[in-house]
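**Student:** I am attaching a structure below and will ask some questions about it afterwards.
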Amino acid sequence: MSSRRPICAVVISDVHLGTFGCHARELLAYLHSIEPEVLILNGDIIDIWSFKKSYFPKSHFKVLKRLITMAQKGTEVFYITGNHDEMLRRFADADLGRIHLRNKMVFNFGGVRTWVFHGDIFDASIQNARWLAKLGGFSYDLLIWLNHWLNVLLERVGREKYSLSKTIKDSVKKAVKYVGDFELAAAEMALRKGYGRVICGHIHQPQMRTIAMGDRQIEYLNSGDWIENLTALEWDGSKWTLYQHQDAREVEEDDEKVDASARHLLSMLLNEADSDE
Ligand SMILES: [Mn+2]
């Protein structure tokens with residue numbers, strides 16, 4: 001029953017298993033839909049920072065189980081460490097079967113030397129980085145949690161959903177500048193080291209762009225996150241695409257709407273039946 005989509009390589013990052021904001025169910029659905037030769041987990045997959053809050057639902061365990069199963073069935077899994085799972089950094093370069101723990105990696109995709117790392121190393125050098133350094137951490141998770149219930153309320157009163165954190169990110173110039181600075185810092189460093197492409201995570205901002213610096217240029221890719229954007233980078237052997245998963249929490253709300261109109265239909269039918277008598 002292999003209806004799974006074969007792909008050469010997939011990159012995901014910033015899943016933050018163990019936090020409220022993590023869309024584990026959607027990620028599980030995505031991981032069940034694909035059959036990659038190489039799966040790169042580019043940091044902040046398990047949010048070890050949040051472990052003291054002891055939040056780890058079944059669906060989050062299922063993601064871990066799925067990753068192990070994929071490795072058992074032939075996928076080479078590279079777990080690259082991030083700042084929320086930095087405790088794993090000292091175990092880097094360990095190999096457990098097809099699961100490889102690394103702090104950074106160099107791949108060759110289509111003849112282009114590709115540098116892959118999480119990206120938190122820039123936090124120290126970029127101004128205002130501290131603002132976003134806690135991404136996935138407690139205050140951010142609280143914001144996502146508040147946002148979730150705000151939307152439940154808005155939905156009840158028939159208003160449109162609202163993204164607090166996106167609004168904050170979009171309206172705060174510093175945050176926008178941070179994203180730009182991060183992308184440039186990554187591109188600059190990778191160019192200096194002679195790479196043709198750099199892939200990061202960390203800033204929860206999916207991206208595929210070519211950055212020109214002087215007479216040289218470099219491809220900058222970011223796999224986004226599984227808290228707000230639900231994105232992955234896919235390599236089919238000749239080109240990269242940015243995969244976007246549908247937010248199932250939205251689908252659930254659509255289901256409720258269908259249910260409500262069904263009830264409405266039913267009551268209309270009953271009224272008609274009444275009038276027939
Ligand atoms: Mn991070």
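Please treat every number below as a calculation from the coordinates, not as lab data. Computed from a predicted structure; not experimentally measured. Every residue, glycine as well, gets a Cβ built from its backbone with ideal geometry; the counts of neighbours run over all protein chains shown.
**Student:** Tell me, what HN-Hα J-couplings in whole Hz come from the Karplus equation 6.51 cos²θ - 1.76 cosθ + 1.60 at θ = phi - 60° for each residue of the range 17-29, using x for Gly and Pro?
**Tutor:** 4, x, 10, 4, x, 5, 8, 5, 4, 5, 5, 4, 4
**Student:** Tell me, how many Å apart are the Cα centres for the range 89-103 and for the range 146-168?
**Tutor:** The distance from the Cα centre of the range 89-103 to that of the range 146-168 comes to 40 Å.
**Student:** Also, I was wondering about something else. So what J values fall out for the range 178-188 if you push phi through Karplus, 6.51 cos²θ - 1.76 cosθ + 1.60 with θ = phi - 60°, rounded to Hz, Gly and Pro as x?
**Tutor:** With the stated coefficients, the range 178-188 comes to 4, 4, x, 4, 4, 4, 5, 4, 5, 5, 4 Hz.
**Student:** Strictly greater than 19 Å: what percent of every Cα pair in the range 1-74 meets that? Intermediate values should be presented prior to the final figure.
**Tutor:** On the way: 879 of 2701 pairs.
Distances greater than 19 Å cover 33 percent of the Cα pairs.
**Student:** Could you give the nm distance between label points at LEU143 and ALA29, where each point is 7 Å from its Cα heading toward the beta carbon?
**Tutor:** About 2.6 nm separates the two model spin labels.
**Student:** Long-range amide H contacts for PHE78: which residues qualify at under 5 Å (H placed 1.01 Å from N, peptide plane, sequence gap of 5 or more or a different chain)?
**Tutor:** LEU39, ILE40, LEU41, HIS100
**Student:** Would you kindly derive the ³J(HN,Hα) couplings of the range 71-84 from the backbone phi angles with the Karplus curve 6.51 cos²θ - 1.76 cosθ + 1.60 (θ = phi - 60°), listing them in order in whole Hz, with x for Gly and Pro?
**Tutor:** Result, ordered by residue: 5, 5, 8, x, 6, 7, 9, 9, 9, 9, 6, x, 7, 8 Hz.
**Student:** Follow-up question, since we're still on this one. Using a 7 Å offset from the Cα along the Cα-to-Cβ direction at both GLN217 and THR241, what is the distance between the two label points in nm, to one decimal?
**Tutor:** Taking the two extended label points, one gets 2.2 nm.
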